[in-house]
1. Can you name every residue in the range 90-99 that is open to solvent by less than 30 Å² (accessible area, probe 1.4 Å) and touching a residue at least 24 places away in the same chain (Cβ under 8 Å)?
2. Go over the candidates A12, A81, A29 one by one and state the one that is hydrophobic (A, V, I, L, M, F, W, C), at negative phi and more than 20 Å from the chain's Cα centre (by Cα).
3. Before we move on, is G86 touching a Ser or Thr at 6+ places or on another chain (Cβ under 9 Å), at positive phi and surrounded by fewer than 20 Cβ atoms within 10 Å (Cβ to Cβ)?
4. Output the residues belonging to the range 71-83 that are open to solvent by 40 Å² or more (accessible area, probe 1.4 Å) and out of contact with any helix residue (DSSP H, G or I) (no Cβ under 7 Å at 6 or more places or on another chain).
5. Can you confirm whether the range 57-66 contains a residue that is surrounded by fewer than 18 Cβ atoms within 10 Å (Cβ to Cβ) and within 19 Å of G159 (Cβ to Cβ)?
6. If you take the residues of the range 156-188 that are open to solvent by less than 30 Å² (accessible area, probe 1.4 Å) and in contact with a Ser or Thr (Cβ under 8 Å, 6 or more places away or on another chain), which of them is farthest from Q113 (Cα to Cα)?
Amino acid sequence: MKSERPRQLSTAEERRETVLRTAIGAFAARGYWGTTTTEVAKAAGISQAYVYRLFPNKELLFTAVVGHCFVQVRAALERAAAEARGSSPEAVLEAMGDAYALLISDNDLMLIQLHAQAAAVSEPAVREAVRQGYARLVEYVRGASGGTEGQVQEFFALGMLCHLIVSVGADGIDAPWTRTLSRGIKHY
């Protein structure tokens with residue numbers, strides 16, 4: 001008789017991570033308002049009741065997704081800063097900028113950021129999650145790069161411009177306006 005290994009149940013934390021990963025794709029596709037917890041539960045292969053056990057409401061689920069995405073951005077910037085070809089603010093910021101451009105080639109992450117910024121206008125909890133995420137990122141970039149206020153501001157401004165270029169597909173259009181917006185910006 002064949003011995004069967006006992007089935008190992010997922011812990012709540014493993015399920016939480018599964019739901020977060022699944023929710024990223026769902027929220028990226030339809031945004032905060034267009035995504036239901038039922039859709040997230042179905043995609044994760046669990047019941048809606050279990051989603052609510054892990055995240056008591058959609059707002060908490062979405063803000064957890066937003067926080068998770070900020071953690072991914074921070075990790076990419078940390079790796080880039082550690083591997084920069086020099087320690088000058090310019091070298092570190094350039095390395096982090098390249099890492100960010102590569103990171104947002106994953107449309108889900110970029111879409112979560114765009115949807116979160118849109119929802120932040122009218123949803124206080126989302127606004128706070130976005131504020132906290134950017135506050136931590138700005139302070140990290142300032143400290144890791146040693147850049148001036150102007151350099152750090154330009155870094156984030158270029159990141160926002162990259163969102164625009166990628167989201168409207170401007171990098172695939174050869175026109176005067178796209179050349180103006182894309183000048184000097186690397187895309188993946």
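The values are calculated or read from the model by the stated rules, or taken from the named source; none is laboratory data. Source: prediction; values computed, not measured. For neighbour counting, all protein chains shown are included, and Cβ atoms are generated from backbone atoms with ideal geometry for every residue, glycine included. These area figures cover heavy atoms from the full protein model, side chains too; ligands, DNA and RNA do not enter into them. Shrake-Rupley method; radii C 1.70, N 1.55, O 1.52, S 1.80 Å.
1. Within the range 90-99, the subset open to solvent by less than 30 Å² (accessible area, probe 1.4 Å) is 91-93, 95-97, 99.
Within the range 90-99, V92, L93, M96, G97 meet the criteria.
2. Working: A81 fails: more than 20 Å from the chain's Cα centre (by Cα); A29 fails: more than 20 Å from the chain's Cα centre (by Cα).
After ruling out the rest, the residue left standing is A12.
3. Numbers: touching a Ser or Thr at 6+ places or on another chain (Cβ under 9 Å): no; at positive phi: yes; surrounded by fewer than 20 Cβ atoms within 10 Å (Cβ to Cβ): yes.
Against the criterion (touching a Ser or Thr at 6+ places or on another chain (Cβ under 9 Å), at positive phi and surrounded by fewer than 20 Cβ atoms within 10 Å (Cβ to Cβ)), G86 does not qualify.
4. From the range 71-83, those open to solvent by 40 Å² or more (accessible area, probe 1.4 Å) are 71-72, 74, 78-79, 82-83; that's our starting set.
Correct list: V71, E78, A82.
5. no
6. By that ranking, first place goes to A170.
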